[in-house]
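Structure first, then comments.
Values quoted throughout were computed directly from the atomic coordinates according to the rules given, and no laboratory measurement underlies them. Because the structure is predicted, anything quoted here is derived from the model rather than measured. Please note: Cβ atoms are built from the backbone with ideal geometry, for glycine as well, and neighbour counts cover all protein chains shown.
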Ligand code: SF4
């Protein structure tokens, strides 16, 4: 570190996150490198380094000879201010080189609130924000991740996006880039060629026109770009790359552990859940593969914790076998095994009890809605009986800490449904009273609510979000209903951020101007309550001639052309419409194992049949 | 094997790793290298390791010491070579041996460093040659002012471009005097930028600490 940077690092909080040098970081000889790839995560080091997707793509890209992928994170406010004052450009951790030295600058986008941070990182790296202001092949700005299923609000800033899973398509786009660079192609030629790769979306190759009322009139591809961009998946997930040599941070991060992805996709069809719809179909790893990968990674990283991750780990067929195998390995070594929130059923409770012999923490359930009626509407296939039964087993087993997650503002929700949350929490409390193994320790039941946000590619993509006032009214209703139950704590997330998230999630291309405006007003790291400010958004929307409610609280007619309709996530519009109707009828749709609902995702598989 | 000691260096990018983070990092290094640390009993077992003298973030060191215990016998002479491939950049195990005495025997440290954007060598020389040097520091109960003069055994300064080079011998434990505290004592004459490296550790009688 030179003195200027050393001096700066001494003035900021937790400087270790800005310097790299961690165990397992990849350093290559620049003489052997022809494509330099900056993998940018638009959040802090602590969040980004906890992200499995980033570890995977870091490994995949660095396994390519001649390609050097480095990590870039968003600095915390103190550091960002100092860098700007000193005119020091944002650098990549491995080499310490500024963003300008890279061929490709790629962002991983998992949530909409990171959008302003993308602009901030580009600016800190002295890279022009808009794609049209970057005429050459160098500094190609790309993006991948869950948000790409509607990336229209960021479309003007990215040259190229990846829809779906990145393992293969990233490699293909980088190979093509290598060729383009060697042969001296123009950027336009590269983008035209790249758009032929399945899963690649080049926003500049689509013209969007609007109706007088502001809705999208037409999405017109040009220069041979496909009418619909089809998402990519890795069909052979068992053989899919897994980062067994992850970079091990030398400073504390959020999830500092091995995260084993047991399967991708989800067999459940919760109607509010975007990930459950955009990651279909289910593809699993075998317990043997997972055991091998888990052990190898634990050994290579030296971690003391392993987490089994997926959208719904209880649904993993080999869970029991896998847990037994992992426990045999972990227990004698003092390594703890952690499971994410499980379904409330007997099988899961049995697993939980076995696993938690290593370490006992709280139990988390997500019934999402307070009444059976509403749970049927959202297709959350959990009954009150399941939940209370699971709680009983937990209390008998000595747990005394249960967290319950709910959403407020789901379609068709009434006050009765809101009060149903309180009823359910009370029943959990009574269950504890009747069945607790040791009552002297007391019980902690935490109810958390967040505001429902309608997301693209779900059966609820047409729904209105309730207003903030209405959300707060329902919060008050619930607060009041819970106020007489001492052992229940109620936490609610403020709806300010949800308001913006909803507008961005279903935004169109014009919203890009709003994002830039908010960034110019100082917006960055906005998923952090420390930095989020609603007023900037409320000022920026009208300043750009747009109405935030048009995107958030407006219900879309089913025949409206939605801004993301050229993104094909393999689940058909017909299926989503059908699911929406079933929601209103309160009819459950069986999970993929009980019966295929014909969503369309099977078409991504060679044989055309789901085997999840 | 109990009462073992590791001497290691912490330089380069590793100087930004904090004390607590270093503890965790070391545990992982041992785990990766397959050298089994002894763990405490109980619900939340933690490795029995202790870093003798906390090192402030930004200061480098060629003489850090960590006490530890292993669950099995190991060739101690071969231990540094076994650990080093598993270290993050900038940390290097130098020597492992049975601790000849308590960590508290470490009393003096020799350091070298640069001080820039302040006064020249002559000024610092005079300042630290005074018989009494009050310095305010954070103590258990609020701020406290101590005379650090008796804790400075040696303070040599030479002029370099933009400031001075310093070589110091400071009392390291009971009381602790760090370069940072010396800079505080300088008040308005403190340099804008300074950077130090611990070179060697001694016992009270200035025999080398091991
Ligand atoms: S095609 Fe059928 S089985 Fe496959 S994901 Fe869709 S609904 Fe489930």
Acute angle (nearest 10 degrees) that the helix A:495-505 long axis makes with the longest principal axis of chain A, alpha-carbon atoms: 50 degrees
Spacing of the two label points (7 Å from each Cα toward its C-beta) at residue A:385 and residue A:320, in nm: 2.1 nm
Residue order, fewest to most surrounding Cβ atoms within 10 angstrom, among A:424, A:588, A:260: A:588, A:424, A:260
Relative contact order %, segment A:163-274, counting alpha carbon pairs below 8 Å whose residues are six or more apart: 25 percent
Sorted by Cβ neighbour density within 10 Å, fewest at the top, the residues B:137, A:139: B:137, A:139
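Averaged across the residues of B:21-30, what count of C-beta atoms belonging to other chains lies within 10 Å of each residue's C-beta?
Counting other chains' Cβ atoms within 10 Å and averaging over B:21-30 gives 4.
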Length gained when the stretch residue A:572-residue A:435 is fully extended (0.36 nm per residue, less Cα-Cα span): 44.7 nm
Cβ-based exposure ranking for A:515, A:208, A:127, in which fewest neighbours within 10 Å come first: A:208, A:127, A:515
Euclidean distance of C-alpha centroids, segment B:110-144 and segment A:460-493, integer Å: 58 Å
Computed label-point distance, nm, for sites residue B:11 and residue A:27 using a 7 Å Cα→Cβ extension: 1.3 nm
Estimated FRET transfer efficiency (residue A:252, residue B:41; beta-carbon r; R0 30 Å; 0.05): 0.75
Calculated FRET efficiency for the pair residue B:1/residue A:126, C-beta based, R₀ 41 Å, to 0.05: 0.15
Distance between segment A:387-411 and segment A:528-591 - C-alpha centres, whole angstrom: 30 Å
Nearest-ten-degree value, helix A:511-520 long axis tilted from longest Cα axis of chain A: 80 degrees
Inter-probe distance in nm under a simple model that places probes 7 Å from Cα toward Cβ, at residue A:547 and residue A:353: 5.7 nm
Shielding by other protein chains, A:242-255, mean Cβ within 10 Å: 3
Relative contact order %, segment A:496-550, counting alpha carbon pairs below 8 Å whose residues are six or more apart: 40 percent
Extended-chain gain in nm, criterion 0.36 nm per residue less alpha-carbon gap, residue A:238 and residue A:539: 103.5 nm
Relative contact order %, chain A, counting alpha carbon pairs below 8 Å whose residues are six or more apart: 14 percent
Gain on full stretching of the segment that runs from residue A:480 to residue A:82 - 0.36 nm per residue minus C-alpha separation: 138.7 nm
